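S.K.: To start, I am sharing the structure in question, which I have written as C-alpha cells.
Every read-out reported here was derived from the displayed coordinates using simple, explicitly stated rules and does not represent laboratory data. Keep in mind the model is a prediction, meaning the values are calculated, not measured. Heads up, the Cβs are rebuilt from the backbone with ideal geometry, glycines too, and the neighbour counts pull from every protein chain shown.
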Amino acid sequence: MLWLIGSTGMLGREFSHRLSKEGIPFVGTGSDVNIADAEKLDAFINKTESASYYASRDVKKDNKIDWIINCAAYTAVDKAEDEAEKAYRANCTGALNIARTARSHGAKLIHISTDYVFDGSSGIPYTEDAPKSPINVYGKTKAESEDLIAQSMTQYYIIRTSWLYGFTGRNFVYTMTRAMNERESVGVVNDQKGTPTFCGDLAAAAVKLIKKETSATSLFGKKSAAPYGIYHFSNSGEATWFDFACAIYDFGKKYGRIGHECAVRPCSSDEYKTKAARPAYSVLDCTKIETALGIKIPSWRASLERFIKSGRFES
C-alpha cells in the first residue's frame, strides 16, 4: 500500500492518475491531514494500517504502508518571501515529520524537490551533487527539507524537478493559453533558462523507481534497485520562459486551444519584476535517473505537444 500525500494538488492528481493506471493500491490525503502536525500524520497511518479501517471497503487486507510519496509543499514562490514561516512549516517541518513517520513505520519515501535549490550561476546543467545555494525563501526551505530527510532516514528518493505543468490546477500553460485567447500580445521573460516538465512524465518515472526497487527487493535482495538518494528529473532540453510561451502558442493554434491572434514578445527580468529572485539558469542534468531506470526522457516540446492535444486538457 502506498500513501500519496498532497494528492489533491496538480502533481498529486497526476500521481493518482498514474498509480490507478498501474493498478498500485494507494490512499491519498490533502489538507485533511496537516503534515506540519506529526501526531496527525502518525494517527492517520495507524488508522490506515489497522484492519478495521478497511472493514467495509473492497480492498486487500494487507494495509501496511510500504511507500510514501510527498507531493505536498508550499510552492507560491513570491508569497513565500512574506510568508517565510508558513513556507518553512510546510516544506521543512512537514518534510521532517513525513520522514520520521516513514522511518518509524518502515516505509520508503519519495519526496519532490526543485531546481530552485540552485542559484542559477552555472552555465551547464546541474548534477545531483552540485552545491546548493538557493536565492529565495522557497528554494531555501526546499533545500533544507532535503537535508532534514537525509538526516532522518536512509530509504528515500529525493527527486528534483522544474517548471511543472499538469492537467489540473494553475500552471504556466493554462495561464498563457487564457492570456493568448484574450490579449493582443503577451510579454514573457527571456533571460531565465530551465526546462518545462510535464507532471505525467515525472509521475511515471517515480513509479518506475518504486517498481524497480520493489522488484529488486523481492527478487534479488536489492542488487538491481536504483540506489537511494537524490535524482533529477525534467523533460529534456532547455528553454526560456519566452521559448516555452512561443511553443504553447504554436501548439495551441495547431490543436485549437488558441483561436485568437496574439503576439508573444520577449522581455527581461528587469521589466517583469517579481518579489522573489529567480535563478537565471536552472537546467537539470538527468543522466543519473535515465541510467538507473534505463529510460530516455522525452523532450519538453514533445511532452508539451502531447499535453496540449490531450483530451484531458482543460480548455
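S.K.: Considering Cα pairs under 8 angstrom that are at least six residues apart, work out the relative contact order of the chain and quote it in whole percent. The partial results should precede the final answer.
M.R.: On the way: 589 pairs, mean separation 64.1, N = 315.
Reported as a whole number, the value is 20 percent.
S.K.: How tilted is helix 300-309 with respect to the longest principal axis of the chain? Cα atoms for both, answer in degrees (0 to 90, nearest 10).
M.R.: Once rounded, one gets 90 degrees.
S.K.: Right, something else. Once the dipole of segment 102-146 is set up with Lys and Arg at +1 and Asp and Glu at -1 on Cβ about the Cα centre, which of HIS105, PRO131, THR141 lies farthest towards its positive end?
M.R.: HIS105
S.K.: Treating the beta-carbon of each Lys and Arg as +1 and of each Asp and Glu as -1, no other charges, what is the dipole magnitude of segment 180-273 about its Cα centre, to the nearest 20 debye? It would help to have the intermediate numbers written out before the result.
M.R.: Numbers: 12 positive and 11 negative charges, 142 e Å.
With only Lys, Arg, Asp and Glu charged at Cβ, the dipole is about 680 debye.
S.K.: Using a 10 angstrom cutoff on alpha carbons, build the Gaussian network for the chain and name the most mobile of PHE15, PHE172, PHE244.
M.R.: Highest fluctuation among the options: PHE172.
S.K.: With springs only between Cα atoms under 10 Å apart, run a GNM on the chain and tell me which of GLY120, GLY30, GLY256 wobbles the most.
M.R.: Evaluated over the chain, the most mobile residue of the options is GLY256.
S.K.: Using a Gaussian network for the chain with springs between C-alpha atoms less than 10 Å apart, which of these wobbles most: PRO131, PRO196, PRO298?
M.R.: Answer for the Gaussian network model of the chain: PRO131.
S.K.: Would you work out if segment 223-313 is rounded, prolate or oblate? Take a ≥ b ≥ c from the square roots of the eigenvalues of the alpha-carbon gyration tensor; rounded if a/c is under 1.5, else prolate when a/b is larger than b/c, oblate otherwise. Numbers along the way, then the final one.
M.R.: Numbers: a/c = 3.23, a/b = 1.45, b/c = 2.23.
Judged from the Cα gyration tensor, segment 223-313 comes out oblate (a/c at least 1.5, b/c at or above a/b).
S.K.: So, one more: Taking amide hydrogens as modeled 1.01 Å from N in the peptide plane, which residues meet the under 5 Å criterion relative to THR127, leaving out close sequence neighbours?
M.R.: Amide H neighbours of THR127: ASP285.
S.K.: Can you tell me the dipole magnitude for the chain around its Cα centre, using point charges on the Cβ only (Lys, Arg +1; Asp, Glu -1), in Debye to the nearest 20? Intermediate values should be presented prior to the final figure.
M.R.: Details: 41 positive and 37 negative charges, 206 e Å.
The dipole of the chain has a size of about 980 debye.
S.K.: Still on this structure, please answer the following. Please give the peptides 69-76, 179-186 ranked by average Cβ packing (other Cβ atoms within 10 Å per residue), highest first, as a rough proxy for protection. Intermediate values should be presented prior to the final figure.
M.R.: Details: 69-76: 23.4, 179-186: 14.6.
Order by mean packing, descending: 69-76, 179-186.
S.K.: Per residue of segment 167-183, in order, report the coupling 6.51 cos²θ - 1.76 cosθ + 1.60 (Karplus, θ = phi - 60°) as ³J(HN,Hα) in whole Hz, putting x for Gly and Pro.
M.R.: 6, 10, x, 7, 7, 4, 5, 5, 4, 5, 4, 4, 4, 5, 7, 10, 10
S.K.: Based on Cβ point charges of +1 for Lys and Arg and -1 for Asp and Glu, what charge dipole magnitude is obtained for segment 54-205 about its Cα centre, in debye rounded to the nearest 20?
M.R.: Values: 18 positive and 19 negative charges, 140 e Å.
Roughly 680 debye for segment 54-205.
S.K.: Still on this structure: Give me, ordered by chain and number, the residues 5 or more places off THR114 or on other chains with an amide H under 5 Å from its own placed amide H.
M.R.: THR161
S.K.: Below 8 Å between Cα atoms, with a sequence gap of 6+, how large is the relative contact order for segment 1-149 in percent? Let's see the in-between values first.
M.R.: Details: 221 pairs, mean separation 36.4, N = 149.
Once normalised by length, the contact order is 24 percent.
S.K.: For ILE230, what residues show an amide H to amide H distance below 5 Å, using hydrogens built from the backbone and excluding near sequence neighbours?
M.R.: ILE158
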